[in-house]
Amino acid sequence: MNRYFTTRQGAVRRLMAIKREGTEAFRATVIGRQSDGSEVFGLERVLLQLRVGRIAYFSCGNSSDRDIVFVS
């Protein structure tokens, strides 16, 4: 498990890169945690909530490797 700290803009870039990878994006599981504690599931929904500034951190990856990205 890898942990990263980034700005909101850096996090959007990271999710867009996952989305552009095509078939890898469908295998990746993306789960976001909002600032109020609720969870958001799916790449598109996390990306949308991230763009409006509601995501505190999100995890992405597949069964063998998982990254946690904290957004400041």
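The values are calculated or read from the model by the stated rules, or taken from the named source; none is laboratory data. None of these values were measured; they are calculated from a predicted model. No Cβ is skipped: glycine too gets one built from the backbone with ideal geometry, and neighbour counts run over all protein chains shown. Accessible surface is based on the protein model in full, side chains and every heavy atom, while ligands, DNA and RNA are left aside. Shrake-Rupley method; radii C 1.70, N 1.55, O 1.52, S 1.80 Å.
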* Asked: Taking the condition over 10 Å from the mean Cα position of the chain (by Cα), of a type outside the set (Val, Ile, Thr) and modelled with pLDDT of 90 or more, does ARG45 pass?
  -> no
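Is there a residue in the range 11-18 that is open to solvent by 50 Å² or more (accessible area, probe 1.4 Å), touching a helix residue (DSSP H, G or I) at 6+ places or on another chain (Cβ under 9 Å), outside any strand (DSSP E or B) and not aromatic (Phe, Trp, Tyr)?
no
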